[in-house]
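The values are calculated or read from the model by the stated rules, or taken from the named source; none is laboratory data. Everything numeric in this text was worked out from a predicted model, so none of it was measured. Cβ: placed from backbone, ideal geometry, glycine included. Neighbour counts: every protein chain shown.
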Amino acid sequence: MRARKIYLDNNATTPCDPRVVEAMVPYFFEHHGNAASRSHPFGWEAEEAVDYAREQVAKLIDADPKEIVFTSGATESDNLALKGVFEMYARKGNHIITTKTEHKAVLDTCHKLEKQGAEVTFLEVKNDGLVDLAELEAAIKPSTILVSIMWANNETGVIQPMKEIGEICAKHGVLFFSDATQAVGKIKTHPRELGIHLMAFSAHKMYGPKGVGALYVSRKNPRVKVTAQMDGGGHERGMRSGTLNVPGIVGLGKAAEIAMKEMDQDAVRLSRLRDKLENGFLQLEEIYVNGNRENRMPHVTNISFKHVEGEGLMMTFNQEIALSSGSACTSASLEPSYVLIALGLGDDLAHSSLRFSLGRFTTEEDVDYAVQAISKGVQHMRDLSPIWEMYKEGVDLTQVEWSEH
Amino acid sequence: MAYSNKVLEHFKNPRNVGTLDKSQKNVGTGLVGAPECGDVMRLQIEVDDATGVIKDAKFKTFGCGSAIASSSLATEWLKGKSVEDALKIDNMEIVEELALPPVKIHCSVLAEDAIKAAIADYKKKNGIEVEAEMATA
C-alpha cells in the first residue's frame, strides 16, 4: 500500500491550505475577541480582522464588502437566499424557477417553500447538463420572483451559461440567485458583471476551513433584501444574527486572497491533469464521460465505466484513492445519482459512474497512479461481471428479461 | 460505510468465479437482478446425476462488495450439498456470516434468489417437478 493516500474528492471538500491555517491560528487564543464587542480592544481586533476578510472576499468576486454576508457555509447561504427572498418578495409573487440538477440544499429548500405556498418550477436539463435557455425564459411568468441556478455542478463540473441567464432575468425583472459553491475561487465568478443578485459559496471548497461561507447580496441596481432566517443580535446588517466565526472568516478571507492569485495557474495545471486522467481511462473499452466537456470546471470529470458497478469498483482501490461514485450503493437511499439521471443516463450508467475532482495539492504522480490502479480495478470487476461477459458475447442487454427487484 | 472483514476477504479473493457450460443438462443457471438496480447475479450449479449432489458452483456478479461477497459465499456453501439441502439456504444465514448491515440485506436476498433460480433451472431441464413458487423465482 502507498504511504500517501491519493485524494481525488476535492468537490466534497478541499484540504485547508496551510497558509490559511496559519492565518487563522492567532484568532483562537491571542485575538479571541467577539467582533460585536464594541467597548474594548479585544472586540476591535476581531472586528478589524473580519472587516479585512470581508474585503478579501469582496475582491475575489468583484463586489462591495458590504455585499458580503458571512454564514456557516453554502447550505445556510442557499437557505437564506431562497427563504429570505421568498419572504421578502411575497407581495410581488410566489414563483421560483430552478433546475433538477441543483444541490440538495437548494432542492430541499424549494420543496419546503412549496409547502409554504411557493410555486416552484424544476427545469429539466439537456443531455449535456446545460439549462435550455428558451425553456427557462418560457417558464418566467408575472408571479416569478427568483431564478436559482447553480454556477457549476458538483457531480459533473458542468458550468451553466450564467451570462445568458443573467440577461434573461434582467429582461424580465426577476432576481437571479446562484449557488456558486463549486465555482468560487476556482474560476472567475463576478456576480455583478453577469447580473447575478445573490450568490452562495463556502470556504471549504476553496482550501479554507469548514463551517464558514458567505452570501453575496447585491446592494445597488437593484438593492436586494432578504428576510433573516436566524434572529438574534442583528449581526451582518440584520440579515444573519449570530456571533461571527472570526477564525473561520479570517480563513475564508485568506483562502479568497490565495485563490485570486493562484486560480488561473491552478486551472491550467489541473485541466491538463484532468485531461490526462480522462485520456488514460478512455484507453479502456466502454467508457463514457458524463456532461458537457467544453463548459465544465477544469478539475472535474465524471466517468461511467459500463458494466461495472461503481461502489464495487471503488472497493478495489479505496484504501489508497479517495473519490465519489454516482452509484446508489454509496447512499442509504439505493437510488443512483439524480443529477446523472437528469442528464438522461440510464440507471445502469449512473450506477457505473465515478466522479474525479482534482485539487491544488493533486500531483501528476497521483493522476498516473490513479489511472493505473483504477484501470486494473475496472478489469477485475469486468472479469467478475456477468453483464460484461454477455456484452462481450454480443448479447443485446436491452432484450434480456431482467428480474427487477 | 465500513465493510466487515469477511466481506472484504470474499471481495478480494472471490471463490468460484466463472462460467459453467449452460448447454449441459446437469448445469442449472440462475440470473437475477437488473443492471438498472445496480445488482446482477449469475449463479450456476453442476449436479452429479447419480447422487444429486452439487459438485461444482460458479458465479459472476455485477454489484457492490456485499453482492459479490454474498454470491461468492453462496457458491462455497452450495458445493457438496444435495439439491434439496441447497434449497434450504436462507438469506439471513448469509447476512449473519458476512455481518451485512441492514442496507445490504437485499444483496443476501438476491443470492438466495439466485440459488433458487439455478436449482429451478436444473430441475426444469431434467423434468423434475418444480414447486409453483420456485418456478417463478
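Can you give me the number of residues within the stretch A:352-372 that are crowded, with 16+ Cβ neighbours inside 10 Å and either among the acidic types (Asp, Glu) or part of a helix (DSSP H, G or I) (or both)?
5
Within the stretch B:68-106, how many residues are more than 14 Å from every other protein chain (Cβ to nearest Cβ), farther than 18 Å from B:Val47 by Cβ, assigned to a helix (DSSP H, G or I) and without any contact (Cβ under 8 Å) to a residue 40 or more places away in the chain?
Residues that pass the stated criteria total 5.
Has the stretch A:247-262 got at least one residue that is within 14 Å of chain B (Cβ to nearest Cβ), in contact with a Leu (Cβ under 6 Å, 6 or more places away or on another chain) and not β-branched (Val, Ile, Thr)?
There is no residue in the stretch A:247-262 that is within 14 Å of chain B (Cβ to nearest Cβ), in contact with a Leu (Cβ under 6 Å, 6 or more places away or on another chain) and not β-branched (Val, Ile, Thr).
Please go through the stretch B:1-18 and give me each residue that is more than 7 Å from chain A (Cβ to nearest Cβ) and either surrounded by 14 or more Cβ atoms within 10 Å (Cβ to Cβ) or under 16 Å from the mean Cα position of the chain (by Cα) (or both), ordered by number.
The answer is B:Tyr3, B:Ser4, B:Lys6, B:Val7, B:Leu8, B:Glu9, B:His10, B:Arg15, B:Asn16, B:Gly18.
Given the conditions (1) outside any helix (DSSP H, G or I); (2) at pLDDT 95 or above, report the number of the one that B:Ala117 does not fulfil.
(1)
Over 28 Å from the mean Cα position of the chain (by Cα) and surrounded by 14 or more Cβ atoms within 10 Å (Cβ to Cβ): does that describe A:Ser403?
In short, yes.
State yes or no: is A:Pro336 within 11 Å of another protein chain (Cβ to nearest Cβ), closer than 17 Å to A:Thr156 by Cβ, in a loop (DSSP other than H, G, I, E, B) and in contact with a helix residue (DSSP H, G or I) (Cβ under 6 Å, 6 or more places away or on another chain)?
Yes, satisfied.
Please go through the stretch A:237-271 and pick out each residue that is part of a loop (DSSP other than H, G, I, E, B) and β-branched (Val, Ile, Thr). Spell out how you get there, then give the answer.
Step one: of the stretch A:237-271, the residues part of a loop (DSSP other than H, G, I, E, B) are A:239-245.
Correct list: A:Thr243 only.
What are the residue pairs meeting all of these: first residue in the stretch A:116-139, first residue on the phi > 0 side of the Ramachandran plot, second residue assigned to a loop (DSSP other than H, G, I, E, B), Cβ atoms under 7 Å, and 6 or more apart or on different chains?
Filtered contacts from the stretch A:116-139: A:Gly117/A:Asn94; A:Gly129/A:Thr101; A:Gly129/A:Asn153; A:Gly129/A:Thr156; A:Gly129/A:Gly291; A:Gly129/A:Asn292; A:Gly129/A:Leu343.
Please identify the pairs in which a residue from the stretch A:383-405 that is closer than 16 Å to B:Leu43 by Cα has its Cβ atom under 6 Å from the Cβ atom of a residue that is among the charged types (D, E, K, R), counting only partners at least 6 apart or on another chain.
Going by the 6 Å Cβ cut-off, the qualifying pairs are A:Leu384/B:Lys60; A:Pro386/B:Arg42; A:Pro386/B:Lys60; A:Trp388/A:Arg382.
Could you look through the stretch B:21-37, keep only residues that are within 12 Å of another protein chain (Cβ to nearest Cβ) and out of contact with any Ser or Thr (no Cβ under 6 Å at 6 or more places or on another chain), and pick out the one that is farthest from B:Ala74 (Cα to Cα)?
B:Glu36
Quick check: is even one residue across the stretch A:317-333 buried (at least 21 other Cβ atoms within 10 Å of the Cβ), within 11 Å of chain B (Cβ to nearest Cβ) and part of a helix (DSSP H, G or I)?
Yes; the residues of the stretch A:317-333 include at least one that is buried (at least 21 other Cβ atoms within 10 Å of the Cβ), within 11 Å of chain B (Cβ to nearest Cβ) and part of a helix (DSSP H, G or I).
Out of the residues in the stretch A:270-314 that are within 14 Å of chain B (Cβ to nearest Cβ) and acidic (Asp, Glu), state the one that is surrounded by the fewest Cβ atoms within 10 Å (Cβ to Cβ).
Across the stretch A:270-314, the extreme among qualifying residues is A:Glu286.
Would you check which residues across the stretch A:55-77 are basic (Lys, Arg) and either within 16 Å of A:Gly238 (Cα to Cα) or in contact with a Phe, Trp or Tyr (Cβ under 6 Å, 6 or more places away or on another chain) (or both) and list them?
The initial filter retains those residues of the stretch A:55-77 that are basic (Lys, Arg), namely A:59, A:66.
The one that is basic (Lys, Arg) and either within 16 Å of A:Gly238 (Cα to Cα) or in contact with a Phe, Trp or Tyr (Cβ under 6 Å, 6 or more places away or on another chain) (or both): A:Lys66.
In the stretch A:382-400, what residues are within 8 Å of chain B (Cβ to nearest Cβ), crowded, with 18+ Cβ neighbours inside 10 Å, outside any loop (DSSP other than H, G, I, E, B) and in contact with a helix residue (DSSP H, G or I) (Cβ under 9 Å, 6 or more places away or on another chain)?
Of everything in the stretch A:382-400, those that are within 8 Å of chain B (Cβ to nearest Cβ), crowded, with 18+ Cβ neighbours inside 10 Å, outside any loop (DSSP other than H, G, I, E, B) and in contact with a helix residue (DSSP H, G or I) (Cβ under 9 Å, 6 or more places away or on another chain) turn out to be A:Leu384, A:Ile387, A:Trp388, A:Glu389.
Looking at the stretch A:206-223, can you tell me whether even one residue there is within 14 Å of another protein chain (Cβ to nearest Cβ) and either out of contact with any Cys (no Cβ under 9 Å at 6 or more places or on another chain) or touching a residue at least 12 places away in the same chain (Cβ under 8 Å) (or both)? Even if it seems obvious, please write down each step before you answer.
Quick first cut of the stretch A:206-223, residues within 14 Å of another protein chain (Cβ to nearest Cβ) only: none.
The answer is no; no qualifying residue exists.
Of all residues in the stretch B:35-54, which are within 15 Å of the chain's Cα centre (by Cα) and not acidic (Asp, Glu)?
The answer is B:Val40, B:Met41, B:Arg42, B:Leu43, B:Gln44, B:Ile45, B:Val47, B:Ile54.
Go through the stretch A:2-33 and report how many residues are among the aliphatic types (A, V, I, L, M) and either on the phi > 0 side of the Ramachandran plot or in a strand (DSSP E or B) (or both). Write out each step before concluding.
The first filter runs over the stretch A:2-33 and keeps only residues among the aliphatic types (A, V, I, L, M), leaving A:3, A:6, A:8, A:12, A:20-21, A:23-25.
Those still in the list that are either on the phi > 0 side of the Ramachandran plot or in a strand (DSSP E or B) (or both) too: A:6.
Result for the stretch A:2-33: 1.
So how many residues does the stretch A:260-281 have that are in contact with a helix residue (DSSP H, G or I) (Cβ under 6 Å, 6 or more places away or on another chain) and closer than 21 Å to A:Thr14 by Cβ? Even if it seems obvious, please write down each step before you answer.
To start, the set of residues in the stretch A:260-281 that are in contact with a helix residue (DSSP H, G or I) (Cβ under 6 Å, 6 or more places away or on another chain) comprises A:260, A:273, A:276-277, A:280.
So of that shortlist, the ones also closer than 21 Å to A:Thr14 by Cβ come out as A:260, A:273, A:276-277.
Total meeting the criteria: 4.
I'm trying to understand the selection: among the residues of the stretch B:44-65, which are in contact with a Gly (Cβ under 9 Å, 6 or more places away or on another chain) and either within 14 Å of chain A (Cβ to nearest Cβ) or surrounded by fewer than 24 Cβ atoms within 10 Å (Cβ to Cβ) (or both)?
Within the stretch B:44-65, B:Gln44, B:Glu46, B:Val53, B:Lys55, B:Lys58, B:Phe59, B:Lys60, B:Thr61, B:Phe62, B:Gly63, B:Cys64, B:Gly65 qualify.
Please work out if A:Leu313 is in contact with a strand residue (DSSP E or B) (Cβ under 7 Å, 6 or more places away or on another chain), part of a strand (DSSP E or B) and either modelled with pLDDT under 95 or not aromatic (Phe, Trp, Tyr) (or both).
no
If you go through the stretch B:34-76, how many residues are modelled with pLDDT of 95 or more and aromatic (Phe, Trp, Tyr)?
Counting residues in the stretch B:34-76 that are modelled with pLDDT of 95 or more and aromatic (Phe, Trp, Tyr) gives 1.
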